[in-house]
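**Q** I'd like to ask you about the structure that follows.
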Amino acid sequence: MKFTYIKTIFTVCALALTLVAVQPVSAQAVGAALCAPFNYNMSFGGRGGDVARMQGYLITQGYLANGSATGYYGSMTYAAVRRFQIAHGISPTGSMGPVTRVALFNAVCGNTQVPPVITNPTYAPTISQLSPSYGPFGTVVTIYGQNFNRAGNNSINFAGVNNIAINRVSNDGTSLQFTIPASPCPQGNYVCTMIALAPGQYPISVTTPQGTSNSLIFNATDYNNNNNNNTNRAPVINSVEGSTVLTVGQAGAWAVRATDPSSAYGNGSLTYAVTWGDESQYNTASLAAGSFVQSATFNHTYSNPGTYTVTFTVRNSYGLETRSTITVLVTGYSTSQTPVVTQLNPSSGPFGTTVTITGRNFSRTDNVVNFAGVNRAYVGIPSYDGTTLQFTPTATPCTNGGFCSQSVLNPGDYTVSVSNQSGTSNLLSYKVTSGGNGGGNLPQSQVLSIGQSFTIGDLTFVPVSVIEDSRCGVDVTCIQAGRVAVQTAIRAGYTYNYVNLSTTDVSPFTTDSGYKIQIINVTPVKYAGQTISSSQYRITYMISR
């Protein structure tokens, strides 16, 4: 077994959306084949030939860049539709409703259609996202969209069967929840004998008294998502951190951290987008493949007071998207109580370094430091003068509720902010260098949960699953102590090798490059009759060389 160490440098690139200036094209230049009216409404998240043709219309009018007729109604198409609507005096919803469909057709093909007159508008529902968009039968899915019935007269259709769930309430008119059934039957049909579905792709739509929405696809996997169809898996947003209270004209900053399970070991390429709630433009940033946890940082300034919902969208190379939102309160006056961070001293160092944060509006007892995308990573930190506090960054920041970073952190740049009951501060960057506690020194121990990774030098390893836990309960007397065995993926280079390590191994596992890896402890302790879930295990590895 030969390992090769390859160092890869990853960069986050901010991409500015630049539209090619295109002069409007006449109906004669477009040709008769293109000039066909639209018969259906279209909205964000839609796909198909009508979407591609609509994109072609927008390209001819200069609202969308050449080469963008992909057939997917994504963020760029959404923004282009809004620009077209604004230019033609139509309410800028970003969706292709009856009025916009006619206006776009007439702009390209001549004034041949009469826009509909809507005196008492009623809008059919549209759905834009399923969260999650994949999973086993029994998964609870949130359906996001528009025009859902707040009074509860919403029906959900699944896998070609109408009215699987009826009279569902949507408190905000934009979201519904639904549990994916293995045997879909219309609600109230007690003699339905439909055979259980096999894993695969099934459409979901919503029906209200105003009509039936478009359909989006849910990818049903087997129980543990072991059908090896990784392309069914949407990105995972691990954390969103940033400003929640701003004043008019004050610059806010937000950081999004995500992984891509559609690619082996979560290292696929992701594209990040954000809508701020005060306009339609999407600012995008992309990150190259290769890191276990990826991040993008955004900045924005609001011109008017109000409460805004900021929506972050992460998309992978398969076109699957995940969204997360954060609410930002923008006031017209100074929020003097919101914490502000002005300096980190030192601003770089290895894990285990004590860092002094300088700023203002810190509370005396209840400050929280958010670090590396983990909110509430360090809690209950006092500030005796209101302007300074201290924390010690570690390689595995965890919230007090037990949520840990997706992987053990490596040297690099990480965000730091301070929260208390008055709000969350701006972000500053702390640079983690090699060495120290959790850095590159050996020997050292690392505590990992299932699925977390740790990298040192050219070695990366990940505990994959607990394959045996025969430990004797601490509350009983046993003849044999038992053991815990953990399947561990070990990599040096591009190839992972799967090795079963246990707490009873006399000698450590040794790689070809000389690293020695051994399990020295597993928590939690076990009690008689207790079942420990995979997410509860914490495995302590000792690494030496």
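The values are calculated or read from the model by the stated rules, or taken from the named source; none is laboratory data. In this text the structure is predicted, and so the values were computed from the model without any measurement. Cβ coordinates were reconstructed from backbone atoms using ideal geometry, including for glycine residues, and neighbour counts include every protein chain displayed. Heads up: the accessible areas ignore ligands, DNA and RNA and are worked out on the full protein's heavy atoms, side chains in. Shrake-Rupley method; radii C 1.70, N 1.55, O 1.52, S 1.80 Å.
**Q** So which of 198, 253 ends up being part of a loop (DSSP other than H, G, I, E, B), at pLDDT 75 or above and open to solvent by 10 Å² or more (accessible area, probe 1.4 Å)?
**A** 198
**Q** Confirm whether residue 280 is modelled with pLDDT under 80, in a strand (DSSP E or B) and closer than 30 Å to residue 131 by Cα. Give the derivation first.
**A** On the way: modelled with pLDDT under 80: yes; in a strand (DSSP E or B): no; closer than 30 Å to residue 131 by Cα: yes.
Answer is no for this residue.
**Q** Follow-up question, since we're still on this one. Of the residues in the stretch 51-78, how many are touching a Phe, Trp or Tyr at 6+ places or on another chain (Cβ under 6 Å) and either under 30 Å from residue 218 (Cβ atoms) or surrounded by fewer than 19 Cβ atoms within 10 Å (Cβ to Cβ) (or both)?
**A** Going through the stretch 51-78 one residue at a time, the tally reaches 4.
**Q** Of the residues that sit in the stretch 56-95 and are in a helix (DSSP H, G or I) and within 27 Å of the chain's Cα centre (by Cα), which one is nearest to residue 126 (Cα to Cα)?
**A** The residue in question is 78.
Yes/no matrix, rows are residues, columns are (1) more than 24 Å from residue 350 (Cβ to Cβ); (2) polar (S, T, N, Q); (3) in contact with a Ser or Thr (Cβ under 7 Å, 6 or more places away or on another chain):
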| position | (1), (2), (3) |
| --- | --- |
| 450 | yes, no, yes |
| 467 | yes, no, no |
| 478 | yes, no, no |
| 489 | yes, no, no |
| 501 | yes, no, yes |
| 517 | no, no, no |
| 527 | yes, no, no |
| 532 | yes, no, no |
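**Q** Any idea which residue in the stretch 510-545 is farthest from residue 490 (Cα to Cα), counting only those that are open to solvent by less than 50 Å² (accessible area, probe 1.4 Å) and among the aromatic types (Phe, Trp, Tyr)?
**A** Out of the qualifying residues, it is 537.
**Q** Next question, about the same structure. Among the residues of the stretch 533-541, are any part of a strand (DSSP E or B) and over 32 Å from the mean Cα position of the chain (by Cα)?
**A** no
**Q** Report yes if some residue within the stretch 492-511 is among the hydrophobic types (A, V, I, L, M, F, W, C), in contact with a strand residue (DSSP E or B) (Cβ under 6 Å, 6 or more places away or on another chain) and at pLDDT below 85; otherwise report no.
**A** Within the stretch 492-511, the first condition is being among the hydrophobic types (A, V, I, L, M, F, W, C), and the residues that meet it are 492, 499, 501, 506, 509.
Still in the running and in contact with a strand residue (DSSP E or B) (Cβ under 6 Å, 6 or more places away or on another chain): 492, 499, 501, 509.
So of that shortlist, the ones also at pLDDT below 85 come out as 492.
Yes; the residues of the stretch 492-511 include at least one that is among the hydrophobic types (A, V, I, L, M, F, W, C), in contact with a strand residue (DSSP E or B) (Cβ under 6 Å, 6 or more places away or on another chain) and at pLDDT below 85.
**Q** Here is a follow-up. (1) at pLDDT 75 or above; (2) open to solvent by less than 10 Å² (accessible area, probe 1.4 Å); (3) in a loop (DSSP other than H, G, I, E, B): which one isn't true of residue 416, the others all being true?
**A** With respect to (1) at pLDDT 75 or above; (2) open to solvent by less than 10 Å² (accessible area, probe 1.4 Å); (3) in a loop (DSSP other than H, G, I, E, B), residue 416 is out only on (3).
**Q** Residues being of a type outside the set (Gly, Ala, Ser), crowded, with 20+ Cβ neighbours inside 10 Å and at pLDDT 60 or above: count how many of those fall in the stretch 283-307.
**A** So the count comes out to 4.
**Q** Answer yes if at least one residue in the stretch 222-236 is at pLDDT 80 or above, assigned to a strand (DSSP E or B) and either on the phi < 0 side of the Ramachandran plot or in contact with a Leu (Cβ under 6 Å, 6 or more places away or on another chain) (or both), and no otherwise.
**A** No; the residues of the stretch 222-236 include none that is at pLDDT 80 or above, assigned to a strand (DSSP E or B) and either on the phi < 0 side of the Ramachandran plot or in contact with a Leu (Cβ under 6 Å, 6 or more places away or on another chain) (or both).
**Q** While we're here: Is at least one residue of the stretch 132-143 closer than 22 Å to residue 72 by Cα, touching a residue at least 24 places away in the same chain (Cβ under 8 Å) and open to solvent by 30 Å² or more (accessible area, probe 1.4 Å)?
**A** yes
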